[in-house]
Amino acid sequence: MSYTNVNSMNEIYRIGIDVGGTNTDAALLDSKLNTIHTIKVHTTRDVNEGITESIRRLLAESSVNPAQIRYAMLGTTHCTNAIVERKHLGKVGLIRIGAPATTAVPPLADWDDTLKATVCPHAYVVHGGYEYDGRTIVEMDEEEIQDCFLKMKGEVEAVAICGVFSPVNTSQEKRVEELAKQVLGADMPVTLSHEIGSIGLLERENASLLNGALLNVIAGVVKGFEEALQTFGIDASLYICQNDGTLMYSEYALRYPILTIACGPTNSIRGAAHLSGLNDALVVDIGGTTTDIGVLTQGFPRQSSAAVEIGGIRTNFRMPDILSIGIGGGTIVRLDESQDQVTVGPDSVGYELLKRGLIFGGDTLTATDVAVKLGRYEWKDAQTEALNESICKRADEIITRDIEDAIDRMKTSSDPVDVILVGGGSILVADKLEGVSRIVRPDHYDAANAIGAALGEVSGETERIYSLDEMSYDEAKEDARSHAIEQAVLAGADRDTVQIVLSEDIPIAYLPGNALLVKVKAAGRL
């Protein structure tokens, strides 16, 4: 760990916390983004307890004055867990603006009955919708929509509104939002699909529903984090990590909780870029249970271009391009003596590693035991004498082969690439891998996720179809750039520091006219 002068009363600090499935990591950075101190504690069943403990130890061990901490950032798995476990989700009423064009496929068609009953007791398809270029297909019937809201009254906690091609023309969705607040009250939370997802109707509808269902979850997270900070006398601006490797105001997160899903791997990628100084590389993040491999492009995680399933629900909101395999520090290694076969994972002892691992006196052979036995890492008082070296070498070959295969799947060419190794489980990997030109293990590699959370870039995005029959190519690109910059400023970025970090356009041949899909991402400092 590196230390800087923590006695200067003029210094301003920031805390980054990343809650993973096995560990909760916390990092303290100074105003020049130097790492002052890092902490790793076990993730508890009530994750707020782990967050509080990590802050307590961070302050106690660094001796930093809590009054000098001005920024606090949190990356959390709360929302992912809520969907996967079907717990703490709110009731959402859905209005799809798309009759009669979209009635062939009803809302929630691919949802399982459990989640459907938990989340969406009211789903209606009403008249309306747009063509790909924003022209109206059918006029809305406002009386029909008001009747739908009257049926929802008293039975939903939020409303999701999704219109055909609403990312191109937002007018109908905004009008339905006004009707929702007239009937259900001005305080009724409303999710507009054009603010969440891409063009595809069903996936965007699913993402909007999940966003509405998660509003209570994220409200509890923000409240718990605020209380934890206040307990230690920290009066800081609070930010929540997004899944593109940037931050958003806690107030912004309260409206778009779904954007926090999968922020853990992206925090690691951003942290790896900061710690290594590389902007283009593969990042291999090995935790206690899984290995996540992502692509670092211009300092940010590469986005996935495919639809993504969350808890069995197909969605199309932006997600990082991450490949996960079941290898981590706690992964269980087994020997089938009858067939003389060694297997690795995919199950893990998780946070019980220090109790169940053989080198700690436990009863289970884990990947960490293998790494320590083979001399990859020195663990004080490790009990390695009884470990069978032959079994460890065979397990190590499997681990190395699986990681090399996963790296190969994420490469875009056959050329060797730079790999940044981060995460506590990165001790499992040897110094050389097939297809890798160089392996970089930066300082603080085991807390890259928390450091990435604390870095403080804030972003905004545009993904919109333009008709080049109505405007020029340059006008379309400029409109998309301006919208992305405004979104970044709304999310908390300093306007003077906002830059365009991604810009791409794709002609859409299957739509009539000169249709162009434009994607732009802007990012700036706090």
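The values are calculated or read from the model by the stated rules, or taken from the named source; none is laboratory data. These numbers come from a predicted model, not from an experiment. Glycine also receives a Cβ, built like all others from the backbone with ideal geometry; neighbour counts cover every protein chain displayed. Heavy atoms of the whole protein, side chains included, go into the accessibility calculation; ligands, DNA and RNA do not. Shrake-Rupley method; radii C 1.70, N 1.55, O 1.52, S 1.80 Å.
When you go through VAL308, VAL349 one by one, which is the residue that is modelled with pLDDT under 85, surrounded by 15 or more Cβ atoms within 10 Å (Cβ to Cβ), within 30 Å of ASP113 (Cα to Cα) and not aromatic (Phe, Trp, Tyr)?
Just a single option satisfies the conditions, and that option is VAL308.
Looking at ALA228, ALA273 in this structure, which one is assigned to a helix (DSSP H, G or I), more than 15 Å from HIS78 (Cβ to Cβ) and of a type in the set (Gly, Ala, Ser)?
ALA273
What about ALA386, is it hydrophobic (A, V, I, L, M, F, W, C), open to solvent by 80 Å² or more (accessible area, probe 1.4 Å) and more than 30 Å from SER305 (Cβ to Cβ)? Criteria met by ALA386. Of the residues in region 312-335, at least one is part of a strand (DSSP E or B), in contact (Cβ under 8 Å) with a residue 60 or more places away in the chain and touching a Phe, Trp or Tyr at 6+ places or on another chain (Cβ under 9 Å). Here region 488-502 is the region considered, the condition is being at pLDDT below 85 and open to solvent by 30 Å² or more (accessible area, probe 1.4 Å), and the residue that is farthest from TYR239 (Cα to Cα) is LEU502.
Return yes or no: is CYS120 modelled with pLDDT under 95, in contact with a Pro (Cβ under 7 Å, 6 or more places away or on another chain) and either of a type in the set (A, V, I, L, M, F, W, C) or open to solvent by 10 Å² or more (accessible area, probe 1.4 Å) (or both)? Answer is no for this residue.
Note on region 24-81: among residues that are in contact (Cβ under 8 Å) with a residue 60 or more places away in the chain and among the small types (Gly, Ala, Ser), the one that is farthest from GLU226 (Cα to Cα) is ALA27.
Restricting attention to region 131-182, the residues that are without any contact (Cβ under 8 Å) to a residue 40 or more places away in the chain and of a type in the set (Gly, Ala, Ser) add up to 2. The residue that is farthest from ILE17 (Cα to Cα), among those in region 87-111 that are open to solvent by 60 Å² or more (accessible area, probe 1.4 Å) and touching a residue at least 60 places away in the same chain (Cβ under 8 Å), is ALA101.
Restricting attention to region 249-263, which residues are farther than 16 Å from PHE317 by Cα and open to solvent by less than 20 Å² (accessible area, probe 1.4 Å)? Residue satisfying the conditions is SER250 alone.
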